[in-house]
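The values are calculated or read from the model by the stated rules, or taken from the named source; none is laboratory data. Keep in mind that what you see is a predicted model, and the values were worked out from it rather than measured. Neighbour counts are summed over all protein chains in view; Cβ atoms, including those assigned to glycine, are modelled from backbone coordinates with ideal geometry.
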Amino acid sequence: MGMKPPVALGLLLSLVALASASRPDDTFDLTYSPKVGDTAKFAVAISLHSDQFEVTVHSVGHRKVLAVDANGDYSVEGAQTDAKLKMGEQVEQDLPDSPPTTGKVSAKGDVLKAQVDKSTALGEMLSAATHVLVADKPVAKGEKWSKVLKASDVARIIPATIDYELIGVEKVGTKDCVKVGYKYKETGQAGTGEGFIFLDATTHDMVSVEGTFKSMSPQASAPEMDGEFKFTRLND
């Protein structure tokens with residue numbers, strides 16, 4: 001004998017409520033688990049300005065996973081191609097492609113070895129903005145966490161802190177993405193940055209990141225500048 005309609009409906013609603021209360025996608029650990037050979041391309045746009053001049057750079061960033069350790073740490077190769085530089089009202093000029101460089105990132109997002117021999121304040125902030133430092137536990141919408149970025153000979157020259165907040169899930173193009181807000185602050189120096197990182201909701205790989213920065217030097221001999229940037233993943 002079948003259940004009466006009100007009984008069946010009540011049971012169904014109870015099961016739906018139970019499933020909704022325990023959905024695994026209510027929280028995210030944000031760990032990125034790459035595979036050897038994974039590649040990605042990003043449209044890169046960086047604008048810098050000061051009282052004296054303005055600089056805009058566009059390029060295509062390339063990333064390839066070279067190796068993955070048993071503990072999840074992974075080695076990557078990066079390169080920049082199709083770069084164009086515009087300074088003030090001058091004619092835009094093409095820049096040579098950069099040679100490939102290698103680095104290493106931990107399973108939790110810490111940069112263990114920078115992809116450049118000589119770091120800059122701006123480069124270190126961009127590196128932090130494109131590698132989410134995973135929280136110690138899965139996080140839900142509205143939760144916040146912080147990480148300390150220590151100076152080292154192989155990862156960075158300027159210590160900093162970075163504060164995160166999981167904003168929610170949003171569409172970026174056709175992808176469902178976890179939106180993470182961040183605020184970056186150099187320790188003992190004036191540089192700051194803030195923005196949003198969008199991670200693929202399934203793989204937790206970066207889909208895009210956009211932000212602003214203040215008092216950042218793009219080169220060792222250059223003055224501190226303010227600016228904006230955006231990295232957008234191109235179709236694979």
If you take just the strands (runs of 3 or more DSSP E) that sit entirely in the range 118-236, which of them hold at least 2 residues that are farther than 25 Å from Ala40 by Cα? 144-149, 160-172, 175-186, 206-216, 225-233
Some residue of the range 79-99 being within 16 Å of the chain's Cα centre (by Cα), modelled with pLDDT of 90 or more, more than 19 Å from Val55 (Cα to Cα) and surrounded by 14 or more Cβ atoms within 10 Å (Cβ to Cβ): no
Meets criteria (in contact (Cβ under 8 Å) with a residue 60 or more places away in the chain and in contact with a Phe, Trp or Tyr (Cβ under 7 Å, 6 or more places away or on another chain)) for Thr120: no
If you go through the range 54-83, how many residues are more than 15 Å from Phe42 (Cβ to Cβ) and not polar (S, T, N, Q)? 10
The condition from (1) free of Cβ contacts under 8 Å to residues at least 60 places away in the same chain; (2) at positive phi that Gly109 misses is numbered (1)
Looking at Ser33, Ser59 in this structure, which one is in a strand (DSSP E or B) and of a type in the set (S, T, N, Q)? Ser59
In contact with a strand residue (DSSP E or B) (Cβ under 8 Å, 6 or more places away or on another chain), closer than 16 Å to Lys147 by Cα, at pLDDT 95 or above and of a type outside the set (Gly, Ala, Ser): does that describe Lys183? yes
In the range 192-232, residues that are of a type outside the set (Phe, Trp, Tyr), crowded, with 21+ Cβ neighbours inside 10 Å and either touching a Lys or Arg at 6+ places or on another chain (Cβ under 7 Å) or within 17 Å of Gly109 (Cβ to Cβ) (or both) total 7
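Every residue, every condition in (1) in contact with a His (Cβ under 6 Å, 6 or more places away or on another chain); (2) at pLDDT below 90; (3) within 21 Å of Thr161 (Cα to Cα), yes or no:
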position	(1), (2), (3)
Gly191	no, no, yes
Glu194	no, no, yes
Thr202	no, no, no
Ser217	no, yes, yes
Ser221	no, yes, no
Glu228	no, no, yes
Pick from the range 161-177 the residues that are of a type in the set (D, E, K, R) and surrounded by fewer than 16 Cβ atoms within 10 Å (Cβ to Cβ): which of them is nearest to Gly211 (Cα to Cα)? Asp163
Tally the residues that are loosely packed, with under 15 Cβ neighbours inside 10 Å and more than 18 Å from Ser106 (Cα to Cα), restricting the search to the range 139-160. 5
